[in-house]
1. How many of the residues in the range 237-249 are in a loop (DSSP other than H, G, I, E, B) and either free of Cβ contacts under 8 Å to residues at least 12 places away in the same chain or exposed (fewer than 14 other Cβ atoms within 10 Å of the Cβ) (or both)?
2. Test G220 against the criterion of being out of contact with any Pro (no Cβ under 8 Å at 6 or more places or on another chain), touching a residue at least 60 places away in the same chain (Cβ under 8 Å) and farther than 19 Å from G146 by Cβ, and give yes or no.
3. Filter the range 35-74 down to the residues that are more than 21 Å from the chain's Cα centre (by Cα) and acidic (D, E), then identify the one that is surrounded by the most Cβ atoms within 10 Å (Cβ to Cβ).
4. Between a first residue in the range 160-180 that is touching a residue at least 60 places away in the same chain (Cβ under 8 Å) and a second residue that is surrounded by 16 or more Cβ atoms within 10 Å (Cβ to Cβ) and not in a helix (DSSP H, G or I), which pairs have beta carbons less than 6 Å apart while being 6 or more apart in sequence or on different chains?
5. Just to verify a result, which residue in the range 94-142, among those that are of a type in the set (S, T, N, Q) and free of Cβ contacts under 8 Å to residues at least 24 places away in the same chain, is surrounded by the fewest Cβ atoms within 10 Å (Cβ to Cβ)?
6. Could you give every pair whose Cβ atoms fall below 8 Å, whose first residue belongs to the range 71-93 and is without any contact (Cβ under 8 Å) to a residue 12 or more places away in the chain, and whose second residue is surrounded by fewer than 17 Cβ atoms within 10 Å (Cβ to Cβ) and not in a helix (DSSP H, G or I), counting only separations of at least 6 or pairs across chains?
7. I'd like the full set of residues that are modelled with pLDDT under 90 and surrounded by fewer than 18 Cβ atoms within 10 Å (Cβ to Cβ), limited to the range 166-199.
8. Which ones in the range 46-93 are farther than 23 Å from Y214 by Cα and assigned to a loop (DSSP other than H, G, I, E, B)?
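The values are calculated or read from the model by the stated rules, or taken from the named source; none is laboratory data. All figures in this text were calculated on a predicted structure; none of them were measured in a lab. So basically every Cβ, Gly included, is an ideal-geometry build from the backbone, and we count neighbours across all protein chains shown.
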Amino acid sequence: MRKPLFAFLLVVVVAFGVWAYMDVQSVPTGALYRDGVYTGTGKGLFGPVQVEVAVAKGNIASVKVLEHQETPGIADAAIDAVPSAIVAKGSLDVDLVSGATFTSKAIVDAARDALSKAKNYRDGTYIGEARGHNAPLKVEVTVAGGKIAEVKVTEHQETPMLSDGAIKGIPEAIVAGGSLDVELVSGATVSSKGVIEAVKNALVKAQLYRDGAYIGEAKGHNAPLKVQVTVAGGKIAAIEVTEHQETPLLSDGAIKGIPEAIVASGSLDVDLVSGATVSSKGVIAAVADALRKAE
């Protein structure tokens, strides 16, 4: 009697182990998003467009348009096709529907807004800066387990008493909600916005992206320029300016230096090259355009 029982228990244990292994393996390492259901809003042609995005095992599982004021008939193709395209591709880098481009873009923007609340980040401590009411302020953001674990305002020149609610309350609200989508503190709206923007700038440095090579384009000093951004392990691994018509010698520092600086810092928050500020901004904007496709 004992042998059959032992054999049965062994089969159960092995089966459970295989199931557990498969379940663990199905959860992607360094997933861009946390599982859950998130809502977001984009600006349509005639009003806000609200969507609901479900994330399962780190991937976009469904996108639904909940509310909109777009024109029936004309917008229907976008309402049907864009959410399906986002799910099929697992990315926001989808084609807009001809004849309904405003609605298409609103759905993509709303999904991006929703997914911003689901983002995973690289663990570490990051510094961000933004303009406050009186002067620039700085924050220190700690990420642990892919989530915002702590936010501290480390430097500010805001007015004592008036700004206290924002300086203390906004960081607490961001950590509690795990998102930058928090209410501003009444009577300290500028300080509140400053703290939120500084945290946003810090989190850009912790951003995870989808591995692959992406093309981005933006206006340079003389004409549009193009870049190719390579992402590996969720981080910016390489940037190459593939096309440009900037002035030789004058723009060389930007064409070479800005990509190197972005890769080194893992962020678009880099110094512009003196004497080539427009070219510098163009390269940064083109990289931002490429990275939107990696979200």
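1. Within the range 237-249, residues that are in a loop (DSSP other than H, G, I, E, B) and either free of Cβ contacts under 8 Å to residues at least 12 places away in the same chain or exposed (fewer than 14 other Cβ atoms within 10 Å of the Cβ) (or both) number 4.
2. Working: out of contact with any Pro (no Cβ under 8 Å at 6 or more places or on another chain): yes; touching a residue at least 60 places away in the same chain (Cβ under 8 Å): yes; farther than 19 Å from G146 by Cβ: yes.
In short, yes.
3. E70
4. G178/I148; S179/K117
5. Filtering first and then ranking leaves S98.
6. Cβ pairs passing all conditions: A85/D95.
7. Answer for the range 166-199, where residues must be modelled with pLDDT under 90 and surrounded by fewer than 18 Cβ atoms within 10 Å (Cβ to Cβ): G177, G178, S179, D181.
8. Selection gives F46, G47, K57, H68, Q69, E70, T71, P72, G73, I74, A75.
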